[in-house]
Amino acid sequence: MIQKGGGKVTTMTTTTGQIHPEIQSFGERFSKDLPDLDSYRSCIEYTRQALPVLLLNRQLLVEIMQGVVSGEPYPDIRRPTMFDNELILYVHPARLFSLRLYLWGAGEFTYPHDHNAWGVIGTAMEGYEVTNFRRVDDGSMEGYAKLEEVARINLKPGETAFTLPFDEGIHRTGNSGDKTIITLHLYGKSHSRSYLQGYDIVNNQVYRVFPPRLKKKTLASQALADMKA
Ligand SMILES: [Fe+2]
């Protein structure tokens with residue numbers, strides 16, 4: 001369990017501002033303990049014990065939200081991310097893990113998607129809904145995917161769920177309530193795939209979603225090639 005206020009808290013300055021001391025302390029603790037854990041399951045178990053301390057720390061979340069609203073350098077809302085409701089709170093120097101915060105307006109959900117890493121996802125407020133899917137086709141047909149819903153859960157404040165890489169962790173998450181909510185997600189080391197997969201469950205389709213910078217580079221490169229042709 002992560003202890004709050006234990007020992008001297010040091011802060012690290014990044015190019016985008018000073019990390020919140022509570023987050024810095026949490027990140028340092030994880031940096032020390034996570035390398036000793038040798039399986040997804042043990043990493044997930046450890047993280048599920050630790051994350052509620054942050055989820056239930058109302059003062060911490062208030063300070064982070066105040067930073068966003070007043071345009072403080074931390075957390076950096078200009079940094080491009082895969083989802084537009086996502087803010088990066090901490091990244092391990094060797095990218096062993098990252099801690100991210102998500103903001104969800106009333107009724108906002110992701111599309112069904114997979115991940116390139118294991119992850120623990122938890123909510124600070126009532127209303128966070130997680131639907132897990134199983135892929136039931138064999139993946140042999142390009143662009144085709146059939147998903148089956150296997151579980152739908154509503155998390156209470158401080159509760160967590162988890163995801164796994166690729167087909168083992170397909171889910172759709174969001175806010176089924178009528179107030180804006182905050183969730184915190186800790187993801188492990190990413191596999192080298194440069195995109196995640198999105199799913200259209202109405203039309204049984206799967207498509208690739210690239211990070212914003214890579215998407216722009218790829219499209220620019222294609223446009224250049226077309227203009228030269
Ligand atoms: Fe997700």
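Taking the numbered list (1) within 16 Å of the ligand (Cβ to nearest atom); (2) surrounded by fewer than 14 Cβ atoms within 10 Å (Cβ to Cβ); (3) closer than 15 Å to residue 171 by Cα in turn, residue 84 passes all entries but (3). Note on the stretch 121-229: enclosed strands (runs of 3 or more DSSP E) holding 1 or more residues that are in contact with a His (Cβ under 6 Å, 6 or more places away or on another chain) are 128-135, 160-163, 196-200.
Note on the stretch 81-116: residues that are among the aliphatic types (A, V, I, L, M) and assigned to a strand (DSSP E or B) amount to 7.
Name every residue in the stretch 99-110 that is more than 10 Å from the ligand (Cβ to nearest atom) and surrounded by fewer than 20 Cβ atoms within 10 Å (Cβ to Cβ), in order of residue number. Once the filter is applied, which keeps residues that are more than 10 Å from the ligand (Cβ to nearest atom) and surrounded by fewer than 20 Cβ atoms within 10 Å (Cβ to Cβ), the stretch 99-110 yields 103, 105, 106, 107, 108, 109. Any residue that is of a type in the set (A, V, I, L, M) and within 16 Å of the ligand (Cβ to nearest atom) - is there at least one of those in the stretch 124-144? Yes: the stretch 124-144 contains one or more residues that are of a type in the set (A, V, I, L, M) and within 16 Å of the ligand (Cβ to nearest atom). Does residue 191 fit the bill of being open to solvent by less than 50 Å² (accessible area, probe 1.4 Å) and not β-branched (Val, Ile, Thr)? Answer is no for this residue. Can you tell me which of (1) within 14 Å of the ligand (Cβ to nearest atom); (2) within 25 Å of residue 94 (Cβ to Cβ); (3) aliphatic (A, V, I, L, M) is the one residue 214 doesn't meet? The single condition residue 214 does not satisfy is (1). Total residues in the stretch 128-166 satisfying the condition of being closer than 23 Å to residue 39 by Cα and open to solvent by 60 Å² or more (accessible area, probe 1.4 Å): the figure is 4.
Here residue 11 meets the list (1) at pLDDT 95 or above; (2) of a type in the set (Val, Ile, Thr); (3) open to solvent by less than 70 Å² (accessible area, probe 1.4 Å); (4) farther than 17 Å from residue 119 by Cα almost entirely, failing just condition (1). Scoring residue 152 on the criteria (1) farther than 26 Å from residue 178 by Cβ; (2) among the basic types (Lys, Arg); (3) within 20 Å of the chain's Cα centre (by Cα) leaves a single failure, condition (1). Please verify whether residue 169 is farther than 18 Å from residue 54 by Cβ, within 15 Å of the ligand (Cβ to nearest atom), buried (at least 21 other Cβ atoms within 10 Å of the Cβ) and small (Gly, Ala, Ser), treating the condition exactly as stated. Against the criterion (farther than 18 Å from residue 54 by Cβ, within 15 Å of the ligand (Cβ to nearest atom), buried (at least 21 other Cβ atoms within 10 Å of the Cβ) and small (Gly, Ala, Ser)), residue 169 does not qualify.
The values are calculated or read from the model by the stated rules, or taken from the named source; none is laboratory data. Note that the structure is a prediction, hence the values are computed from the model and not measured. We place every Cβ from the backbone using ideal geometry, glycine too, and count neighbours over all the protein chains shown. Quick note on the areas: whole protein, heavy atoms, side chains included, nothing else; ligands and nucleic acids left out. Shrake-Rupley method; radii C 1.70, N 1.55, O 1.52, S 1.80 Å.
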